[in-house]
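Notes follow once the structure below has been shown.
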Amino acid sequence: MTSPAATRKTGKVWLVGAGPGAADLITVRGARILSEAEVVLHDALVTEEMLALCPQAEKISVGKRSGRRSTAQAEINRRLIECAHKYARVVRLKGGDPMLFGRADEELRALEAEGIDVEIVPGVTAALAAAASSKQPLTRRGIARSVAFFTSSTAPGHPEHTTLPDCDTLVQYMGGKEAIDTARKLLAQGRPASHPVLVIENCSRADERILRLQLGELENGLAGCEGPVLVMIGEAMAPRD
């Protein structure tokens, strides 16, 4: 005789991009799937306004914040698998886009190894939202035709990257703590101290803050920035006359 546990069907997991922070910047598909979820495992950067889109769901915080006590990735993977065996519709809600600095690779590997069905719902990544908030295009004809998204954060046990991308516009995610090192590397490469820099803290939220600096000033660091920080560097960041 087959036991109930053996015949129970495994649920499906959606990795959903919440966007940069504002609740109305999630995609229509993402909002619909949230409204149908039975359980939502969400990042620390996901706002209460965003979670209000899924009042019917059990909510589990699995936030990871740099420099703070947070849920280890292995534990997040374990809880996702556990929820997929308990619920039919599981949402892993991530700030920005799941496929860009969202640790989607680790979660996909863990779920696929268990034979659990996974679907990805893209979100508005912070760089695009920051460009919109600041009204500062990442590309400009005749000035900037290449863009690189990068982060200096690495996985435990992995060496830190010593070089920076060679592009017209550089966008550094999680750039607050790394600002001084980034500026020094770029200055050492020969970029002028007057090179334009745009810093966006808490992108798209009510407490968003935009700072216009030069590369020489960035070398002094970003004191006072408490929220998530995006640093955009390049001639395309120069203010319009």
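The values are calculated or read from the model by the stated rules, or taken from the named source; none is laboratory data. The model shown is predicted, which means the values in this text are computed figures rather than measured ones. Here the Cβ is made from the backbone with ideal geometry for all residues, glycine too, and neighbour counts use every protein chain on show.
Side notes on the structure shown:
- Sole exception among (1) out of contact with any Phe, Trp or Tyr (no Cβ under 8 Å at 6 or more places or on another chain); (2) at pLDDT below 95 for Leu108, by number: (2)
- Every residue from the stretch 72-98 that is in contact (Cβ under 8 Å) with a residue 40 or more places away in the chain, of a type in the set (A, V, I, L, M, F, W, C) and out of contact with any Cys (no Cβ under 9 Å at 6 or more places or on another chain): Leu80, Cys83, Ala84, Ala88
- Residues of the stretch 207-225 satisfying the condition of being touching a helix residue (DSSP H, G or I) at 6+ places or on another chain (Cβ under 8 Å) and surrounded by 17 or more Cβ atoms within 10 Å (Cβ to Cβ): Glu208, Leu215, Leu218, Glu219, Leu222
- Qualifying residue in the stretch 191-202 (condition: surrounded by 15 or more Cβ atoms within 10 Å (Cβ to Cβ), more than 22 Å from Arg140 (Cβ to Cβ) and either under 20 Å from the mean Cα position of the chain (by Cα) or not basic (Lys, Arg) (or both)): yes
- Candidates Ala148, Ala126, Ala193, Ala179 - the one that is of a type outside the set (S, T, N, Q), in contact with a Leu (Cβ under 6 Å, 6 or more places away or on another chain) and at pLDDT below 95: Ala179
Yes or no, residue by residue, for (1) in the same structural domain as Ser204 (by TED's automatic domain parsing); (2) in contact with a strand residue (DSSP E or B) (Cβ under 7 Å, 6 or more places away or on another chain):
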position: Glu114; (1), (2): no, no
position: Asp117; (1), (2): no, yes
position: Arg141; (1), (2): yes, no
position: Cys167; (1), (2): yes, yes
position: Val171; (1), (2): yes, yes
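- Of all residues in the stretch 10-33, those being outside any strand (DSSP E or B), within 14 Å of Arg205 (Cα to Cα) and touching a residue at least 40 places away in the same chain (Cβ under 8 Å) number 6.
- Residue satisfying all of: in the stretch 42-89; modelled with pLDDT under 95 and of a type in the set (S, T, N, Q); nearest to Glu106 (Cα to Cα) among these: Gln73
- Residue in the stretch 155-169 that is under 16 Å from the mean Cα position of the chain (by Cα) and at pLDDT below 90 present: yes
- Hey, Ala52 of a type in the set (A, V, I, L, M), over 24 Å from Gly175 (Cβ atoms), surrounded by fewer than 17 Cβ atoms within 10 Å (Cβ to Cβ) and in contact (Cβ under 8 Å) with a residue 40 or more places away in the chain or not: no
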